[in-house]
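Engineer: Before I ask anything, here is the structure I am working with.
The values are calculated or read from the model by the stated rules, or taken from the named source; none is laboratory data. Worth saying up front: this structure is predicted, and the values here are computed from it rather than measured. Note that each Cβ is placed from the backbone with ideal geometry, even for glycine, and that neighbours are counted across all protein chains shown. Surface accessibility is based on the protein's heavy atoms, side chains included, excluding ligands, DNA and RNA. Shrake-Rupley method; radii C 1.70, N 1.55, O 1.52, S 1.80 Å.
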Amino acid sequence: MSRANGETAELSEMPRLPIGWSWSRLDSVCDIAVGFAFKSAEFATHGIRLLRGENLEPGAFRWNDVRHWPEDKAVGFEHLFVQEGDIILAMDRPVISSGLKIAYAKPHDLPCLLVQRMARLRVKQVMTSPFAYAVMQTQRFINHLQGGQTGTQLPHVSTKGIGTFPIPVPPLNEQRRIVAKIEELFSDLEAGVAALTRARENLKRYRASVLKAAVEGALTAEWRTQHPQVEPASKLLERLLTERRRQWEAGQLAKFAAAVKQPPNNWQAKYAEPAPPDTTNLPTLPDGWCWASVEQVGDVQLGRQRSPKNRSDKFPTKYIRAANLTEVGLALDDILDMEFQPSELETYRLHRGDILLSEASGSPDQVGKPVVWNGEIEDCCFQNTVIRLKPTLTQSAFILVVFRHFYVNKVFAKVAAGVGINHLSAAKFSRIIVPLAPLTEQAEIVATVSEKLSQIESAEVAIDHSLRRAARLRQSILKQAFEGKLVPQDPTDEPASTLLERIRVRTVNSTTNSDAN
């Protein structure tokens with residue numbers, strides 16, 4: 001069967017269109033081209049911008065990370081210059097969480113050259129670029145691309161996968177009326193979406209300010225005036241250090257007992273007291289508060305490394321890794337197993353009240369993501385991509401508030417910043433200085449923060465619901481548009497079938513003349 005016959009049979013199964021409309025394939029109404037693999041060794045400091053996947057986001061080109069091609073080497077690549085109205089689609093991971101990686105070339109984006117694995121769609125005279133671009137915003141087009149993707153690690157769509165998309169073709173004048181109506185409706189919709197997005201960003205800033213106010217004592221300033229007789233944090237810190245030493249010595253004696261030995265008569269524990277923090281350049285704390293290092297308020301430990309020798313065998317054990325720590329808490333839908341010997345369980349087993357933090361990330365802003373372990377999984381351990389703090393006496397919920405402030409307000413990011421992978425490390429984490437509030441005030445801070453963050457989360461849920469509703473409304477507008485229900489038809493418009501036939505004849509004649517020459 002020829003392509004023409006196969007295409008006709010395929011399109012004949014599509015739903016009925018309004019009078020004057022016709023079904024076609026995307027590669028029949030657009031010329032589809034793919035870019036070139038320009039050699040990075042020949043990139044220039046200045047020249048013609050190269051349009052790469054990194055420069056494309058849903059709805060726009062992004063030129064904040066640009067590679068250039070020398071102008072004197074552009075000869076022979078004229079066919080890869082992007083023109084105004086060209087539609088550019090990323091062929092690798094074309095569909096991402098924030099939308100379809102597709103954009104419409106505008107004058108300020110030019111000149112630029114198309115690189116490999118980027119598709120350029122240039123409409124023929126049967127269709128306007130804005131109309132084709134609008135069709136490619138529909139869920140039907142997204143579903144078509146997703147259905148034609150290959151590869152799991154790097155999903156990729158081919159030009160054939162793009163070109164076989166069945167596209168409705170109205171008369172040209174009707175295309176222009178449809179686009180004008182879509183733009184009118186989308187203008188109001190996008191204004192609402194922009195307002196919702198701003199509101200969500202404001203909530204993000206408000207969350208950061210709440211956490212900052214909590215750890216600086218501003219959130220409980222009135223409470224302190226009403227409770228002047230509380231025990232100061234300095235007394236709490238003394239008890240912390242005493243209890244920390246007692247627990248360490250008890251652990252040492254337990255080791256003698258496990259080995260069925262008695263400690264020598266002259267045995268004395270060689271305990272290393274945590275060094276007090278240097279508070280020289282730190283801000284003044286509220287009355288009753290004090291500074292402490294992380295290692296003073298609890299035991300810091302890095303998890304066990306994952307390696308071939310630790311694969312699950314006789315003692316498969318659930319363990320937590322950095323991927324299980326999120327900004328909204330623990331994600332327990334993907335928990336892996338690793339071999340932990342019974343003798344290792346006491347060292348790496350998680351206990352209720354432990355605070356877990358992500359140890360490393362390619363982005364410093366993602367380091368130090370904190371959660372509290374509440375015994376969600378029995379006999380669960382943790383990997384060395386996670387740091388554990390086991391607080392002594394101090395409320396885990398209060399320390400979590402402090403660490404959430406450090407995470408949201410980039411304190412951990414500054415500590416972990418480096419080249420490549422950014423590590424917080426147990427050593428650096430141990431030396432971080434934290435504000436310590438009196439124990440009774442800690443409870444008040446936790447309750448106040450919890451109430452305010454709950455209100456923020458409720459507002460965020462409402463905003464997300466409205467954004468999803470806006471996305472559905474956007475798709476509803478597009479669906480009506482391409483079913484011929486958005487604007488009135490004009491019986492005097494030239495039918496699309498006539499346009500398509502004219503293009504077909506022109507293409508055949510062009511091919512015949514080319515073969516004759």
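Engineer: Assign unit charges at the C-beta atoms only (+1 for Lys and Arg, -1 for Asp and Glu), then state the dipole size of the chain relative to its Cα centre in Debye, rounded to the nearest 20.
Structural biologist: Details: 63 positive and 59 negative charges, 127 e Å.
It works out to roughly 600 debye.
Engineer: Putting +1 on Lys and Arg Cβ atoms and -1 on Asp and Glu Cβ atoms, find which of 125, 442, 193 reaches farthest to the positive end of the dipole of the chain.
Structural biologist: Result: 442, furthest along the dipole toward the positive end.
Engineer: Still on this model: Where the only charges are on Cβ atoms (+1 Lys, Arg; -1 Asp, Glu), what is the dipole of the range 67-222 about its Cα centre, to the nearest 20 debye?
Structural biologist: It comes to approximately 380 debye.
Engineer: Where in the range 338-378 are there GluC sites (Glu not before Pro) that are in a DSSP coil and have at most 10 other Cβ atoms within 10 angstrom of their Cβ?
Structural biologist: Of the GluC sites (Glu not before Pro), the ones in loops of the range 338-378 whose Cβ has at most 10 other Cβ atoms within 10 Å are 378.
Engineer: To the nearest 0.05, how large is the calculated FRET efficiency for residue 427 and residue 122 if R₀ is 60 Å and r is the Cβ-Cβ distance?
Structural biologist: 0.55
Engineer: How far is helix 3-12 tilted off the main Cα axis of the chain, in degrees rounded to 10, range 0 to 90?
Structural biologist: 70 degrees
Engineer: Rounded if a/c is under 1.5, else prolate if a/b beats b/c, else oblate: with a ≥ b ≥ c from the C-alpha gyration tensor eigenvalues square-rooted, which is the range 39-195?
Structural biologist: Prolate, because a/c is 1.5 or more and a/b exceeds b/c.
Engineer: About its Cα centre, what dipole magnitude does the range 414-486 give when the only charges are +1 on Lys and Arg Cβ and -1 on Asp and Glu Cβ, stated in debye to the nearest 20?
Structural biologist: 540 debye
Engineer: Report, to the nearest whole %, how much of the accessible area of the chain belongs to carbon and sulfur atoms, 1.4 Å probe, protein only.
Structural biologist: Roughly 52 percent of what the probe reaches on the chain is carbon or sulfur.
Engineer: Quick one: net charge of residue 90's neighbours, Cβ under 13 Å, K/R +1, D/E -1?
Structural biologist: Local charge sum for residue 90: +3.
Engineer: Rounded to the nearest whole Å², what accessible area per residue is found for the chain with the 1.4 Å probe?
Structural biologist: 53 Å²
Engineer: Once you have the alpha carbon radius of gyration of the range 323-407, what is it after dividing by 2.2 N^0.38 Å, with N set to its residue count?
Structural biologist: In units of the globular-protein estimate, the range 323-407 measures up at 1.08.
Engineer: Within 13 Å, Cβ to Cβ, of residue 206, how many net charges do the neighbouring residues add up to if Lys/Arg are +1 and Asp/Glu are -1? Before the final figure, lay out each step's value.
Structural biologist: Working: positive: 198, 200, 204, 205, 207, 212, 452; negative: 201, 457, 460.
Here the count lands on +4.
Engineer: Looking at the chain, identify the longest residue range that excludes and avoids all chymotrypsin sites (Phe, Trp or Tyr not before Pro) in DSSP loops having at most 14 other Cβ atoms within 10 Å. Display every interim value, and only then the final one.
Structural biologist: Working: sites that count: 43, 63, 267, 271.
In short, 272-517.
Engineer: So what's the Cα pair-distance distribution over the range 19-108, bin width 5 Å, in %?
Structural biologist: All Cα pairs, binned at 5 Å, distribute as 2, 11, 20, 23, 19, 12, 7, 3, 2, 1, 0 percent.
Engineer: Cα gyration tensor of the range 128-199, axes a ≥ b ≥ c as square roots of the eigenvalues: rounded (a/c below 1.5), prolate (a/b > b/c) or oblate?
Structural biologist: oblate
Engineer: A follow-up question, please. Specify, per residue and in Å³, the volume enclosed by the convex hull of the alpha carbon atoms belonging to the range 366-499.
Structural biologist: Dividing the Cα hull volume of the range 366-499 by its residue count gives 249 Å³.
Engineer: Here's a follow-up. Helix 233-258 sits at what angle to the longest principal axis of the chain, using alpha carbons and giving 0 to 90 degrees rounded to 10?
Structural biologist: 80 degrees
Engineer: Please list, short to long, the whole-number percent of alpha-carbon pairs of the chain in consecutive 10 angstrom bins beginning at zero.
Structural biologist: P(r) for the chain, in whole percents per bin: 3, 14, 19, 18, 15, 13, 10, 5, 2, 1, 0.
Engineer: Follow-up. Which whole-Hz couplings ³J(HN,Hα) result when phi for each residue of the range 369-381 is put into the Karplus expression 6.51 cos²θ - 1.76 cosθ + 1.60, θ = phi - 60°, listed in order with x for Gly and Pro?
Structural biologist: Residue by residue, the range 369-381 yields 5, x, 9, 9, 8, 10, x, 4, 10, 5, 6, 9, 10 Hz.
Engineer: Through the Karplus equation 6.51 cos²θ - 1.76 cosθ + 1.60, θ set to phi - 60°, convert the phi angles of the range 412-423 into ³J(HN,Hα) values in whole Hz; use x for Gly and Pro.
Structural biologist: Listing the rounded values in order: 4, 4, 5, 5, 8, 3, x, 9, x, 7, 9, 10 Hz.
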